[in-house]
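Below is one structure, written out as structure tokens, with a few remarks after it.
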Amino acid sequence: MTGSARDFYDSLAADYHRIFPDWEASMARQAAVLDPMIRRELGPGPHRLLDCACGIGTQAIGLARAGHRVVGSDLSPVAVARAAAEATSRGTNLPAVAADMRQLPFRTAAFDVVVCADNSLAHLLTAPDVTAALGAMRRVLRDDGLLLLTLRDYDDLRRTRPASSPPQVSHGPDGRSITFQLWHWHEDGERYDQEYFQLVPDGAGWQVRVRRTTSRATTRDEVADAAARAGFTDVTWHPPETSGYYQPVLTARATTGRSAHLP
């Protein structure tokens, strides 16, 4: 993962909640989808869970409040500091560390579940990086543990190559803010540069904040193939219309008896 991705999320961490209409409601709503998926696969739990791209805690806090023993990690030290603080302010414990998902600093087979949500995998810009990250996730999972990963529908987006995302209005104590993205596709049709605009209330006007990063539009088949190479079986994509989640969700099980490693 590039240094620019860390810079992007370090800068965005203080404003990340603004990408949701209501961040508190989004935490609860996402946990209400992901928690039953975990319990259907692994039983009632609670389970040892790593959110390896936890950001400011959108999924990790909700899953911790659902009773799981959650640890968070993220490339951005600013984001993980906020995640831990947000969890504490809600009466929840969330140990969190700064770490690259390709080199997770946890012991082998430490977790029952690894979560990688909110399109985080798209910041890995090459196929070997994706395979390395999935290998690291497999290593820290116990045999037959569960991978739960969410990603934009890049099969469709690579066909349509949108130039922007719809504006999102967020309501907070300081008033309404607006978030939208401009996308600049590379000639290879796989990568795109994002200009991430946020209009934040500033007295009687607006303050405009712009961050930039690059993402890779990795298809579902590419992710599934990389997961299989990393040591996962039962790789299944669940579309939003069946899962209730806002992005396609991949579930996969860690192959029993195979300890994957980074290439």
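For this structure, a couple of remarks:
- Check on Ala53, assigned by TED's automatic domain parsing to the domain that holds Ala133, in contact (Cβ under 8 Å) with a residue 12 or more places away in the chain and not in a helix (DSSP H, G or I): yes
- Among the residues making up the stretch 17-33, those that are touching a helix residue (DSSP H, G or I) at 6+ places or on another chain (Cβ under 7 Å) and either assigned to a helix (DSSP H, G or I) or closer than 13 Å to Ile61 by Cα (or both) are His17, Trp23, Ser26, Met27, Ala28, Gln30, Ala31, Val33.
- Each residue in the stretch 125-154 was checked for being assigned to a loop (DSSP other than H, G, I, E, B) and either within 12 Å of the chain's Cα centre (by Cα) or small (Gly, Ala, Ser) (or both), and 2 of them qualify.
- Of the residues making up the stretch 120-129, not a single one is touching a strand residue (DSSP E or B) at 6+ places or on another chain (Cβ under 7 Å), in contact (Cβ under 8 Å) with a residue 24 or more places away in the chain, farther than 27 Å from Glu41 by Cβ and not assigned by TED's automatic domain parsing to the domain that holds Asp74.
- Pairs meeting the criteria (first residue in the stretch 152-180 and in the same structural domain as Ala14 (by TED's automatic domain parsing) and hydroxyl-bearing (Ser, Thr, Tyr), second residue part of a strand (DSSP E or B) and at pLDDT 95 or above, beta carbons under 7 Å, at least 6 apart or on different chains) are lacking.
- All strands (runs of 3 or more DSSP E) inside the stretch 158-263 with 1 or more residues being closer than 30 Å to Asp144 by Cβ: 205-216, 232-238, 249-254
- The stretch 69-118, residues that are surrounded by 24 or more Cβ atoms within 10 Å (Cβ to Cβ) and aromatic (Phe, Trp, Tyr): Phe111
- For Ala132, the conditions (1) in contact (Cβ under 8 Å) with a residue 40 or more places away in the chain; (2) more than 24 Å from Phe20 (Cα to Cα); (3) surrounded by fewer than 16 Cβ atoms within 10 Å (Cβ to Cβ) are fulfilled apart from (3).
- Selection from the stretch 76-112 of residues that are of a type in the set (Asp, Glu) and in contact (Cβ under 8 Å) with a residue 40 or more places away in the chain: Asp100, Asp112
The values are calculated or read from the model by the stated rules, or taken from the named source; none is laboratory data. Only a predicted model underlies this, so the values are computations on that prediction, with no experimental measurement involved. Every residue, glycine as well, gets a Cβ built from its backbone with ideal geometry; the counts of neighbours run over all protein chains shown.
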